[in-house]
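Taking it in order: structure first as structure tokens, then the write-up.
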């Protein structure tokens, strides 16, 4: 059970502030999605978490200790970074043997992990001949070697086939259920929508949203109705205690309503309905709203 | 520290390029010893089986320090070239320990390769001598001294390769720097500063350490080369510890 805490985390490259005064916590037992447009500072933040990039200001700790102060960090934190690479002239198995040796991890874990990530048959081939998906599995294998409490994954589904994505999702869910702390960055929002419990959304190096996914996108559920009698229907809906947001002369949005309640109101006033849709805002719409409004504000 | 040394040793021995280079070095040592035997006793060359002839054969494995230098460069710059440095520093955030482990492993590799080169060279030379029926003067101070020079030179070359590789971070650039320096750089400096300056330069020190005459004594060459290694290594370590990996 490890909590990640970032306070005032900042990274400047010359005049450019890549990450700006970031503060967040990542709780055990949850899968947290780490989102942001390209260049938002996600990778720089992950690299600061892992002690690879030195913050210009601020701290980030795992249960109070910075990554560099962890004893055998591979046993506490497993990481897959975009650039996680293995030497092309080495076999996958040798790569994991090296990671195990460097991390003080029992060499017996190597074959177990090769099985777990589905690389047993390719274990004795050099990484040069691996597909992108196999390299990603090898990187995941390296992260899992020390059976860590914390997983930090940067675009982990890159190159994975649908079966691989499904496997990874099950693996992360199982680990979160065991109380592990998981932070996943991805640009494939639909993928995260079905996976994460909480999100951190980064834009231009700043945190623009943080919290449980259900809470962040929840307020915008509703039913959209297209009808020529919008005013009559709106009056009826309001009379029934619903919040109505007229979007155009023939379109209403009924906030937080269920389709059956709206349907009963439609029947009661007997209006013609052209279209009625349950709108369930996705992570994607939240993301676009948050990051686009920032863009407009500039 | 032990974990880092273990990991660096595995890296050194599990990379095919490294194994091929090591075998190539031993092959070249055998070839040069054969050539030494072939020309023995002719054109003023020492006769087969004499201490001087055997020392030449042992020193023929001069190619070994060169290969140790290349291995050291590959072990250090290769990590940046292939992006494996990220995993290395994830496993061992204490970067100083990684640098020291790399230097120690490359030095050990150079020493082992040097010893193997000497054994191969002497095996070839004594075989030729035995076939020729010449008496073999293996237990001689000259032979022992030159053999030691190759082993020490190999060790120092490996360590200096690591320092150079960490400093430059590109395999090609580090290799070109090393070879351009030894082939032309020192020559240019000697043209400007006079021949006497040569003995104080890294290449001159390396040659002295492996027993080439007319320069510093062997121990002096080794000490000077060690000093260069420590100096370049200190700068490389400072940069490596402070650098953002991204």
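The values are calculated or read from the model by the stated rules, or taken from the named source; none is laboratory data. No experiment lies behind these values; they were computed from the predicted model shown. Neighbour counts run over all protein chains shown; Cβ positions are idealised from the backbone, glycine included.
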Checklist entry - residue A:85 fails exactly one of the following numbered conditions: (1) crowded, with 23+ Cβ neighbours inside 10 Å; (2) under 25 Å from residue A:42 (Cα atoms). What is the number of that condition? => result (1)
Next on the checklist: Of everything in segment A:230-261, what is crowded, with 19+ Cβ neighbours inside 10 Å, within 31 Å of the chain's Cα centre (by Cα) and assigned to a strand (DSSP E or B)? Give them in sequence order.
Outcome noted: A:254
Next on the checklist: Test of understanding: among B:59, B:19, B:95, B:42, which residue is touching a helix residue (DSSP H, G or I) at 6+ places or on another chain (Cβ under 9 Å) and free of Cβ contacts under 8 Å to residues at least 40 places away in the same chain?
Outcome noted: B:19
Item to check | Conditions (1) touching a strand residue (DSSP E or B) at 6+ places or on another chain (Cβ under 8 Å); (2) farther than 27 Å from residue A:45 by Cβ; (3) surrounded by fewer than 20 Cβ atoms within 10 Å (Cβ to Cβ); number of the one not met by residue A:227 | outcome: (3)
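Quick one: in segment B:3-17, of everything that is assigned to a helix (DSSP H, G or I) and at pLDDT below 90, which residue is nearest to residue A:127 (Cα to Cα)?
B:16
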Item to check | Failed item in (1) away from chain A (no Cβ under 14 Å); (2) surrounded by 14 or more Cβ atoms within 10 Å (Cβ to Cβ), with residue B:43 passing the rest | outcome: (2)
Checklist entry - Restricting the search to segment A:278-297, which residues are closer than 30 Å to residue A:231 by Cα and either at pLDDT 90 or above or out of contact with any strand residue (DSSP E or B) (no Cβ under 6 Å at 6 or more places or on another chain) (or both)? => result A:280, A:281, A:282, A:285, A:286, A:289
Checklist entry - Across segment B:198-212, what is the number of residues that are surrounded by 22 or more Cβ atoms within 10 Å (Cβ to Cβ) and either in a loop (DSSP other than H, G, I, E, B) or within 14 Å of chain A (Cβ to nearest Cβ) (or both)? => result 2
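In segment B:213-246, how many residues are in a loop (DSSP other than H, G, I, E, B) and either free of Cβ contacts under 8 Å to residues at least 24 places away in the same chain or at positive phi (or both)?
Total satisfying the criteria: 8.
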Checklist entry - Consider residue A:21 against the criteria (1) away from chain B (no Cβ under 14 Å); (2) under 17 Å from the mean Cα position of the chain (by Cα): it satisfies all of them except one. Which criterion is unmet? => result (2)
Checklist entry - Does at least one position in segment B:25-33 carry a residue that is touching a residue at least 12 places away in the same chain (Cβ under 8 Å) and not in a helix (DSSP H, G or I)? => result no
Item to check | Any chance residue B:58 is within 30 Å of residue A:86 (Cβ to Cβ) and buried (at least 18 other Cβ atoms within 10 Å of the Cβ) | outcome: no
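Filter segment B:1-15 for residues that are more than 7 Å from chain A (Cβ to nearest Cβ) and within 10 Å of residue B:97 (Cα to Cα); which is surrounded by the most Cβ atoms within 10 Å (Cβ to Cβ)?
Of segment B:1-15, the ones more than 7 Å from chain A (Cβ to nearest Cβ) are B:1-2, B:5, B:8-9, B:12-13.
This time we only want the ones that are within 10 Å of residue B:97 (Cα to Cα), so: B:1-2, B:5.
Numbers: B:1: 13, B:2: 10, B:5: 18.
Going through the qualifying residues, I end up with B:5.
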Checklist entry - Tally time: how many residues in segment A:133-157 are assigned to a loop (DSSP other than H, G, I, E, B) and within 21 Å of residue A:32 (Cβ to Cβ)? => result 7
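Considering only segment B:62-73, state which residues are farther than 15 Å from residue B:31 by Cα and either without any contact (Cβ under 8 Å) to a residue 24 or more places away in the chain or under 10 Å from the mean Cα position of the chain (by Cα) (or both).
Quick first cut of segment B:62-73, residues farther than 15 Å from residue B:31 by Cα only: B:65-73.
Passing the criteria: B:65, B:66, B:67, B:68, B:69, B:70, B:71, B:72.
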Checklist entry - Residues in segment A:57-68: is at least one in contact with a helix residue (DSSP H, G or I) (Cβ under 9 Å, 6 or more places away or on another chain), surrounded by fewer than 21 Cβ atoms within 10 Å (Cβ to Cβ) and more than 13 Å from every other protein chain (Cβ to nearest Cβ)? => result yes
Item to check | Residue satisfying all of: in segment A:114-144; touching a helix residue (DSSP H, G or I) at 6+ places or on another chain (Cβ under 6 Å) and surrounded by 23 or more Cβ atoms within 10 Å (Cβ to Cβ); nearest to residue A:75 (Cα to Cα) among these | outcome: A:142
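Give the residue, chosen from B:99, B:64, that is in a helix (DSSP H, G or I) and closer than 23 Å to residue B:149 by Cα.
Numbers: B:99 fails: closer than 23 Å to residue B:149 by Cα.
The conditions single out B:64.
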Item to check | Given (1) in contact (Cβ under 8 Å) with a residue 12 or more places away in the chain; (2) within 14 Å of another protein chain (Cβ to nearest Cβ); (3) within 17 Å of the chain's Cα centre (by Cα), number of the condition residue B:85 does not satisfy | outcome: (3)
Checklist entry - Conditions: (1) touching a strand residue (DSSP E or B) at 6+ places or on another chain (Cβ under 7 Å); (2) surrounded by fewer than 23 Cβ atoms within 10 Å (Cβ to Cβ); (3) facing chain B (nearest Cβ under 9 Å). Residue A:79 meets all but one. Number of the miss? => result (2)
